[in-house]
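Working notes, structure below.
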Amino acid sequence: MKAARMHEYGKAPILEDVPVPDIQPDEILVQVKACGMCRSDVQLVDGYFRKYADIPPPITLGHEITGIVHKIGGVVPKVAGFQEGDHVVVAPGWGDGVCRHCLVGNTHICPNVRWPGFGPYGGFAEFLPVPARYLVKANRRLKFEQIAPLTDAGMTPYRGIKKLRDAGALGPNRIVGVLGIGGLGGYAVQYAKLLGGGATVVAFARNSAKLAVAEEYGVDHVINIKGKSSKDIAKELSNATGQGDLDAIIDCAGAPEMMQLGFSLLAISGHYVDVGLVGDRVDIPLFPRVSREQTFHGSYWGNNTDLTEVMALAAKDKIRHTIKLFKFDEINENIDLLRTGDIVGRAVMKW
Ligand SMILES: [Zn+2]
C-alpha cells in the first residue's frame, strides 16, 4: 500500500510503498477514504513535540481519519455491530483502558495514550489497524472528506466549547471570543452558536479571508486584529457589542501574542480555553488573573463521547465545512502551505 512516512525529523515525509499492516484480534483494518491535514502534522515534522514525546521514526502521518471497515479481528465483540463496508471515523486517543482517565472515558489524556498518525500507522496511507473500541460509525450519507476533519479540527473546539458551557461561562448575556479562524476556528464559531445559549460570538483573526468564513458560519461580529493595539481592539469590541471585554474565550491559535491579547480582553470571572498550539510559551500579567478570578482551561482533542456527539450533529446537517481537497501525491506541498498559514478551512486528502 501507499503511505506517507516521515523517516527523519525536519525532513519532508516520503511517499512510499509499504506492506498492508496486520491486525491484532481486537482490531479492525480500516481502508482509509479520506484524511485531514492538521497543523500538528507540520509541527510533528518540524519537531515541535520532541521535547514532550520523542516518537521514533518512521512515522506515518495523518490523524483525521475516516474510511471503511475492511477486516474485523477475531475477538471484536459482535455487539459492537461492525460489518465489513461500514463507514467509520477513527477516535484519536487510544488509552490503556485501565487508568482513572480511561475509566471515565477520557482515553485521550491517558498517560499511556497512543495516537494514530504519531507512530507506525496513520491516515496518510491506504490502510491502518485500529482497536475496535476507537471506531465510531458514520452515517453513510455523509461525505468522507467532510467527516475526516471532525475527528480533530471539528472535535477539538467542540470539547473546548463544552468546557466553557459546563463552567457556566456561556449564556444570552455573555460575549464569547473565538481567537484564530483556521481549521479549528471555523468549527468553534459554529459550536459557540450551537451551544452558547444565545451568547454573542465574536471572531478575531488577522486574515480577512478567514474572517469571511466565520461570517458565513453566522458569527455575530468579526474583528481583524492585524496591526492593531489591544486598546483599539477593545474599543472595536465595545462598539460592536456594547462591552469591551470577553466573558469567554476559545483560543484556536495559541500564539503568544494572540494569548496576550486574549487575556487582556478577558472579563471578570472570565473563562479562557486554549486548544491551539502555535506557540509554546505565554507571558501574561498575574495580578488580573487572580484579582478578577479568571480560569484557564487546557482542552486537548476529544474523547469518544465528544466524537459521537459531533458525528450526531453532522448527521443532522448542523455542521458546515470548508474543505480543500488534495491527492496523496500532493501531501508535501500541502504541508508547506499549512506551515505558511496559506490554507483557508481544512485541507483533506481523499483517495
Ligand atoms: Zn489510561
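The values are calculated or read from the model by the stated rules, or taken from the named source; none is laboratory data. Quick caveat, the model's predicted, so the values are computed rather than measured. Cβ sites come from the backbone with ideal geometry, for glycine too, and all protein chains shown count toward neighbours. For the accessible areas, the whole protein counts, side chains as well, though only heavy atoms, and no ligand, DNA or RNA atoms are used. Shrake-Rupley method; radii C 1.70, N 1.55, O 1.52, S 1.80 Å.
The single residue among Ala248, Ala203, Ala234, Ala255 that is more than 21 Å from Ile284 (Cβ to Cβ) and open to solvent by less than 50 Å² (accessible area, probe 1.4 Å) turns out to be Ala203.
Of all residues in the range 131-146, those satisfying the criterion of being out of contact with any helix residue (DSSP H, G or I) (no Cβ under 9 Å at 6 or more places or on another chain) and closer than 12 Å to Ile68 by Cβ are Arg140, Phe144. Selection of first residues in the range 77-100 that are at negative phi and of second residues that are loosely packed, with under 12 Cβ neighbours inside 10 Å, restricted to Cβ pairs under 6 Å at least 6 apart or on distinct chains, gives the following pairs, ordered by first then second residue: His87/Arg140.
Sort out for me the helices (runs of 4 or more DSSP H) sitting completely within the range 277-343 that have 2 or more residues that are surrounded by fewer than 18 Cβ atoms within 10 Å (Cβ to Cβ) and in contact (Cβ under 8 Å) with a residue 40 or more places away in the chain.
On the way: elements: 287-291, 304-315, 331-339.
Correct list: 304-315, 331-339.
Look through Pro111, Pro129 and report the one residue that is in a loop (DSSP other than H, G, I, E, B), more than 22 Å from Ala312 (Cβ to Cβ) and either open to solvent by 50 Å² or more (accessible area, probe 1.4 Å) or away from the ligand (no atom under 13 Å from the Cβ) (or both). Only one candidate qualifies: Pro111. One residue alone among Val30, Val18 is over 25 Å from the mean Cα position of the chain (by Cα) and open to solvent by less than 60 Å² (accessible area, probe 1.4 Å), and that residue is Val18.
For the range 76-108, the set of residues classified as open to solvent by 30 Å² or more (accessible area, probe 1.4 Å), within 16 Å of the ligand (Cβ to nearest atom) and in a helix (DSSP H, G or I) consists of Arg100, His101, Leu103, listed by residue number.
Evaluating Gly117 against the criteria (1) closer than 23 Å to Val275 by Cβ; (2) within 16 Å of the ligand (Cβ to nearest atom) leaves one unmet condition, (2). In the set (1) within 16 Å of the ligand (Cβ to nearest atom); (2) in contact (Cβ under 8 Å) with a residue 24 or more places away in the chain; (3) open to solvent by 30 Å² or more (accessible area, probe 1.4 Å), the condition left unmet by Leu194 is number (1).
Let me confirm something: among Ala167, Ala267, which residue is over 26 Å from Met37 (Cβ atoms), touching a Lys or Arg at 6+ places or on another chain (Cβ under 8 Å) and surrounded by fewer than 24 Cβ atoms within 10 Å (Cβ to Cβ)? Steps first, answer last, please.
Details: Ala167 fails: touching a Lys or Arg at 6+ places or on another chain (Cβ under 8 Å).
Among Ala167, Ala267, only Ala267 is over 26 Å from Met37 (Cβ atoms), touching a Lys or Arg at 6+ places or on another chain (Cβ under 8 Å) and surrounded by fewer than 24 Cβ atoms within 10 Å (Cβ to Cβ).
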